[in-house]
Structure formats: structure tokens, C-alpha cells
1. Read through the labelled values (1) 1.18; (2) 0.95; (3) 1.85 and report the label of the one computed as Cα Rg over 2.2 N^0.38 Å from the structure.
2. Got a sec? Charge dipole of the chain, +1 on Cβ for Lys and Arg, -1 for Asp and Glu; which of Ser23, Phe91, Gly35 is way out at the positive end?
3. How far is helix 106-119 tilted, in degrees, relative to the longest principal axis of the Cα atoms in the chain, given as a value from 0 to 90 rounded to the nearest 10?
4. Build a GNM of the chain with springs between Cα atoms under 10 Å: which of Arg106, Arg13, Arg86 gets the top mean-square fluctuation?
5. For helix 44-66, what angle does its Cα long axis make with the longest principal axis of the chain, in degrees from 0 to 90 and rounded to 10?
6. Report, by chain and number, residues whose modeled amide H sits under 5 Å from the one on Leu136, excluding near sequence neighbours (fewer than 5 apart, same chain).
7. Under a Cβ-only charge scheme (Lys and Arg +1, Asp and Glu -1), can you give me the dipole magnitude of the chain about the Cα centre, in debye to the nearest 20?
8. Springs between alpha-carbon pairs under 10 angstrom, Gaussian network model over the chain: which of Leu34, Leu60, Leu112 fluctuates most?
Amino acid sequence: MYRTSATATGGGRNGHTEVDDGSAGFDLAVPKALGGSSDQGMNPEKLFAMGYSSCFIGALHHYAASQKVKVPASTSVKVSVGIGPREDGGFGLDVQIIVAIPGMDRAQADALIQGAHHICPYSHATSNTLAIAPVLA
């Protein structure tokens, strides 16, 4: 249905990444926790968090519409992404999805969150590799 691509150049986490159509690009910086000098720069985890939160809220609206449920305009999805060592010596991501659906019954909100988690392509693509905990705020 849709495909895009991006290219990274330079020193990896201290390089540059840009969407190949030129619509967005970022200079990258290593965060302090990983040995960098500042937390103000862009990094892969920030980009992943932005993409995942945008995709998940879209999946939430899509799933809600399929269930004939109206999601309040004030609904928000916050994705928190951590990176750290894995037991096998590599690195892994830890993701938390926090969904706020003001004014909605908790059981109905939980059902929508689980439905969105099931259809979200980010959730599907990472289902066997990330510790993900969707939470209703």
C-alpha cells in the first residue's frame, strides 16, 4: 500500500538521516546516557517514539471506527522508548505505550487499546522483539 525510505550517513548516531524524498532530515546526536554531550539532539529512539505514537493513535482511531466508537479529539498516545543491553550482548529496546482517552469507560478504553495494539503495524513488526506494555492513562 505504501513504502518510503530514508538514508543515514556519517558517524551513525553522530551522523545525519534523511527521508529520501527530502521531506524531512535530522542531524543525529548521541544522548548523554550513551556517552554523548547533550540530550537535545535527535536520535533513533526519538524518531522511533514519534513514529510509533503517530501510528498507534491512527490504529486506535481506525479500530474504534470499525467498532462504531467515537474517540474524543483530546485522546493522546505517548510512546516511551528505552535502549539498553540484552543478555546475549546486543542491544534491545523497551517500549511503553501510554494512552489517554478522556471521559471513556475504562473497560471500553482497554478494549480499544488492545484492538489498536493488534492492528498497529509497529506493534506487529516488533511483537517478538520488544517488551511493550500498553497502558491506559
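Read-outs: derived from the displayed coordinates by stated rules, not from any lab. All figures in this text were calculated on a predicted structure; none of them were measured in a lab. Every residue, glycine as well, gets a Cβ built from its backbone with ideal geometry; the counts of neighbours run over all protein chains shown.
1. Given (1) 1.18; (2) 0.95; (3) 1.85, the structure-derived one carries the label (1).
2. The listed residue farthest towards the positive side: Ser23.
3. Tilt relative to the chain: about 50 degrees.
4. Residue with maximal mean-square fluctuation among Arg106, Arg13, Arg86: Arg86.
5. Roughly 20 degrees, rounded to the nearest 10.
6. Val99
7. On the way: 9 positive and 11 negative charges, 76 e Å.
That gives the chain a dipole magnitude of about 360 debye.
8. Among Leu34, Leu60, Leu112, the largest mean-square fluctuation in the Gaussian network model of the chain belongs to Leu34.
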